[in-house]
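Chemist: The structure that follows is given in the form of C-alpha cells.
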Amino acid sequence: MADKRGPQTPAHWYDDAPVPLFAKMLAPVYAGISGLRRQLYRRGWLRSRQVAVPVIVVGNITAGGTGKTPLTIELVNRLREAGWKPGVASRGYGRDEAGTARWITPDLAVELGGDEPALIAWKTGVPVRVDRDRVAAAKALMEAGCDVVVCDDGLQHYRLARDIEIEVVDAVRRYGNGRMIPAGPLREPVERARECDFRVVNLGQASDAPGEAASSGFGEWSMRLRIATARPLNGGREQSLQSFAGQRVHAVAGIANPQRFFQMLRARGIGVVPHAFADHHRYVASDLSFGSELPVLMTEKDAVKCRSFANRWHYAVPLQAELPAAFWIALLDRLGKLARA
C-alpha cells in the first residue's frame, strides 16, 4: 500500500495506527473551540465582513495539502480568460514578519511572502496580497483594481464573507480516520464540507489510460494533476520529462504529500532517488548537495525558494490542474449571477 502520509503527518491520521490517549483527550477541546467559533459567526455574535466584489474561497476541512494551490492557479487563469480581473488573498503561512501585510512582488524575498503566495504570483502574474487579516487583503486587492478575490486557503477564516466556497479533498486520503485534530486530520466536522458550493476531488496524476479505478463520487468534480516538462531554474529551454526516462534523478519535494510527486515521476519511467523535506521547508544550498551529478527535479513550490542558488542540474516541474469543462461552466455561471445581482 502506498504511504498516505507526509513526513510530518501522524500515523494515526490516515493509517490504522492507534490514536494516542493524549490526542483522544485533546480532540474534544479543539472541536469545542472550533464549533463555538463557527456558531458565533452563524448567529451573528461575531460579524463576517463583506467586500464590494465577489469572494471565492479555495480550502479544505483537513490539515495538510490536498491540491489547493494548483487549483487556485488554474482558477485564476480561467477567470482572466473569462474577462475577470482576479487577485489572490493569502495569509502566507510560515512567512517572516507575519504581522506585516505585503504585496508579493518579484523582488520580495520568499521568506517574507510565503512559498505558496510567491508561487501563485510567479505562475499567474496577478496581484497577490498576504495579510493575516483577509478582509484587509481583499479590500487592498479591490482598491488595486481586482473585481474578484480568490482566497488560497481560508475556509475557516469566517471574518471574511464569501460568495463561493470550493472544498478540495484528496481522493485517497479523504477525511482520514474522521476525527478532529489532533486525534485525526479534521479542522471541522465532515458535515461542514457539505455546505460548500463545490467539492473538488484531487485524483492525483493525470493519465491517458482508459478505465482507471480512481474516480470522484456523485456531486463531486474530479481534478487531475499533469506533469509533462522540466524547466531549468537558472534559465534555458524547457524540456520534456521523457528526456529523463530511463535515468536516475534526485527528486525533491517539501510539500504535504511528497510521495505523490515521486510517484508521478516514476510513472514517467524516471528512476527516482527521493528526498522528502517538511512542508514549507526553507532551503539552503547544502540541502541540494547529494554527492552525485544527477539532475535534481523539484516541485515549483520548492523551486521558488531555490532560485537564488540554483545550478545547471536543478529543474522545476510545472504542475497543471485539469478539471472537466462543466466545472468551469458551472463556476463561471455562478460568478456571473453574483455580479449581476
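The values are calculated or read from the model by the stated rules, or taken from the named source; none is laboratory data. Just so you know, these numbers come straight off a predicted model, no measurement behind them. Neighbour counts are summed over all protein chains in view; Cβ atoms, including those assigned to glycine, are modelled from backbone coordinates with ideal geometry. Ligands, DNA and RNA are excluded from the accessible area calculation, which covers all protein heavy atoms including side chains. Shrake-Rupley method; radii C 1.70, N 1.55, O 1.52, S 1.80 Å.
Chemist: For the structure I just gave you, tell me whether Asn257 is at pLDDT below 90, under 28 Å from Gly92 (Cα atoms) and open to solvent by 50 Å² or more (accessible area, probe 1.4 Å). Write out each step before concluding.
Modeler: Values: at pLDDT below 90: yes; under 28 Å from Gly92 (Cα atoms): yes; open to solvent by 50 Å² or more (accessible area, probe 1.4 Å): no.
Spelling it out, it is not the case that Asn257 is at pLDDT below 90, under 28 Å from Gly92 (Cα atoms) and open to solvent by 50 Å² or more (accessible area, probe 1.4 Å).
Chemist: OK, next. Report, ordered by the first and then the second residue, all pairs with beta carbons closer than 6 Å, sequence separation of six or more or different chains, a first member in the stretch 160-180 that is within 22 Å of Leu75 (Cβ to Cβ), and a second member that is among the acidic types (Asp, Glu) and open to solvent by 10 Å² or more (accessible area, probe 1.4 Å).
Modeler: Close Cβ pairs (under 6 Å, with a partner that is among the acidic types (Asp, Glu) and open to solvent by 10 Å² or more (accessible area, probe 1.4 Å)) amount to Ile164/Asp197; Glu165/Asp197.
Chemist: Could you tell me which of the residues Gly271, Gly246 is touching a strand residue (DSSP E or B) at 6+ places or on another chain (Cβ under 9 Å), at pLDDT 90 or above, open to solvent by 50 Å² or more (accessible area, probe 1.4 Å) and more than 30 Å from Val58 (Cβ to Cβ)? Even if it seems obvious, please write down each step before you answer.
Modeler: On the way: Gly271 fails: open to solvent by 50 Å² or more (accessible area, probe 1.4 Å).
Checking each option against the conditions leaves just Gly246.
Chemist: Are any residues in the stretch 257-282 of a type outside the set (D, E, K, R) and within 18 Å of Arg226 (Cα to Cα), and if so, which ones? Lay out the reasoning, then the answer.
Modeler: Applying the first criterion (of a type outside the set (D, E, K, R)) to the stretch 257-282 yields 257-259, 261-265, 267, 269-278, 280-281.
Those that are of a type outside the set (D, E, K, R) and within 18 Å of Arg226 (Cα to Cα): Asn257, Pro258, Gln259, Phe261, Phe262, Gln263, Met264, Leu265, Ala267, Gly269, Ile270, Val272.
Chemist: Restricting attention to the stretch 300-314, does a residue exist that is free of Cβ contacts under 8 Å to residues at least 40 places away in the same chain, within 12 Å of Arg231 (Cα to Cα) and of a type outside the set (Gly, Ala, Ser)?
Modeler: Going through the stretch 300-314, the residues free of Cβ contacts under 8 Å to residues at least 40 places away in the same chain turn out to be 308-309, 313.
Those still in the list that are within 12 Å of Arg231 (Cα to Cα) too: 313.
Restricting the remaining residues to those that are of a type outside the set (Gly, Ala, Ser) gives 313.
Scanning the stretch 300-314, I find at least one residue that is free of Cβ contacts under 8 Å to residues at least 40 places away in the same chain, within 12 Å of Arg231 (Cα to Cα) and of a type outside the set (Gly, Ala, Ser), so the answer is yes.
Chemist: Ok, one more. Answer yes or no as to whether Arg282 is within 25 Å of Ala109 (Cβ to Cβ) and surrounded by fewer than 22 Cβ atoms within 10 Å (Cβ to Cβ).
Modeler: Values: within 25 Å of Ala109 (Cβ to Cβ): yes; surrounded by fewer than 22 Cβ atoms within 10 Å (Cβ to Cβ): yes.
Taking the combined requirement at face value, the residue satisfies it.
Chemist: Pick out the one residue from Thr100, Thr9, Thr105, Thr66 that is under 29 Å from Ile120 (Cα atoms) and either open to solvent by less than 20 Å² (accessible area, probe 1.4 Å) or in contact with a helix residue (DSSP H, G or I) (Cβ under 6 Å, 6 or more places away or on another chain) (or both).
Modeler: Working: Thr100 fails: either open to solvent by less than 20 Å² (accessible area, probe 1.4 Å) or in contact with a helix residue (DSSP H, G or I) (Cβ under 6 Å, 6 or more places away or on another chain) (or both); Thr9 fails: either open to solvent by less than 20 Å² (accessible area, probe 1.4 Å) or in contact with a helix residue (DSSP H, G or I) (Cβ under 6 Å, 6 or more places away or on another chain) (or both); Thr105 fails: either open to solvent by less than 20 Å² (accessible area, probe 1.4 Å) or in contact with a helix residue (DSSP H, G or I) (Cβ under 6 Å, 6 or more places away or on another chain) (or both).
The match here is Thr66.
Chemist: Follow-up. Run down Gly184, Gly154, Gly204 and say which single residue is of a type outside the set (Asp, Glu), part of a loop (DSSP other than H, G, I, E, B) and under 15 Å from the mean Cα position of the chain (by Cα).
Modeler: On the way: Gly184 fails: under 15 Å from the mean Cα position of the chain (by Cα); Gly204 fails: part of a loop (DSSP other than H, G, I, E, B).
When all the criteria are applied, what remains is Gly154.
Chemist: In the set Gly94, Gly87, which member is surrounded by 21 or more Cβ atoms within 10 Å (Cβ to Cβ) and either outside any helix (DSSP H, G or I) or not acidic (Asp, Glu) (or both)?
Modeler: Working: Gly94 fails: surrounded by 21 or more Cβ atoms within 10 Å (Cβ to Cβ).
From the options Gly94, Gly87, the qualifying one is Gly87.
Chemist: Same structure, new question: So is Ala171 buried (at least 17 other Cβ atoms within 10 Å of the Cβ), at pLDDT below 90 and under 30 Å from Ala267 (Cβ atoms) or not? Full working, then the answer.
Modeler: Numbers: buried (at least 17 other Cβ atoms within 10 Å of the Cβ): yes; at pLDDT below 90: yes; under 30 Å from Ala267 (Cβ atoms): yes.
So Ala171 passes the test.
Chemist: What are the residue pairs meeting all of these: first residue in the stretch 274-288, first residue modelled with pLDDT under 90, second residue open to solvent by 50 Å² or more (accessible area, probe 1.4 Å) and polar (S, T, N, Q), Cβ atoms under 7 Å, and 6 or more apart or on different chains?
Modeler: Ala278/Gln8; Asp279/Gln8
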